Amino acid sequence: QLVESGGGLVQPGGSLRLSCAASRSIFSFSVMRWYRQAPGKQRELVASIIIGGSTNYAEPVKGRFTISKDNAKNTMYLQMNSLKPEDTAVYFCNARGLGLPPPDYWGQGTLVTVSS
């Protein structure tokens, strides 16, 4: 139900924009998040955006990454600027539904590599 795109190879200091397209209205999700998992490390939360639009960021990406969503396109984005080698990871989008218990949906991931 979630499909990420936009990953790739970028030089340090560069930018990328990731997209997460949902197969249904994103109004059906209470919160949407971006996670990442670097080689040999645990998956970590990068940023989140709730249904009302409020956002939160992990400390390592504050001031560099921006999460947003386009309700009309049923798509969430992650604009990543001033990329660093330590941002290299597979990025996953996640969406939490409104049922009880709330279901979690995951995308397949998109690889971001920051290297010169």
For the stretch 58-109, convex hull volume per residue from C-alpha positions, Å³: 110
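Report the semi-axes of the equivalent ellipsoid for the stretch 11-50 in whole Å, largest first, where each axis is √(5λ) for an eigenvalue λ of the Cα gyration tensor. Before the final figure, lay out the partial values.
Working: eigenvalues 112, 45, 17 Å².
Sorted largest first and rounded, they come to 24, 15, 9 Å.
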Computed over the chain, the Cα gyration tensor eigenvalues, each multiplied by 5 and square-rooted, give semi-axes in Å (largest first) of 24, 14, 13
Summed over the other residues with a beta carbon less than 14 angstrom from that of SER23, with K and R at +1 and D and E at -1, the charge totals +1
Efficiency of FRET between ASP104 and GLN11 - r from beta-carbon atoms, R0 41 angstrom, step 0.05: 0.75
Can you pull the percent of the stretch 1-61's accessible area that's carbon plus sulfur, 1.4 Å probe, other chains left in place? 51
Once phi is turned into ³J(HN,Hα) by the Karplus curve 6.51 cos²θ - 1.76 cosθ + 1.60 with θ = phi - 60°, what whole-Hz value does each residue of the stretch 65-80 show in order, with x for glycine and proline? 10, 9, 9, 7, 8, 10, 5, 5, 9, 6, 9, 10, 10, 9, 8, 10
How big is the shadow of the Cα convex hull of the stretch 33-79, averaged over all directions, in nm²? 3.7
Heavy-atom surface of the chain, accessible at 1.4 Å and reported per residue (Å²): 52
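The values are calculated or read from the model by the stated rules, or taken from the named source; none is laboratory data. These figures come from a predicted structure and were not determined experimentally. Cβ: placed from backbone, ideal geometry, glycine included. Neighbour counts: every protein chain shown. The accessibility values were calculated without ligands, DNA or RNA, using every heavy atom of the protein model including side chains. Shrake-Rupley method; radii C 1.70, N 1.55, O 1.52, S 1.80 Å.
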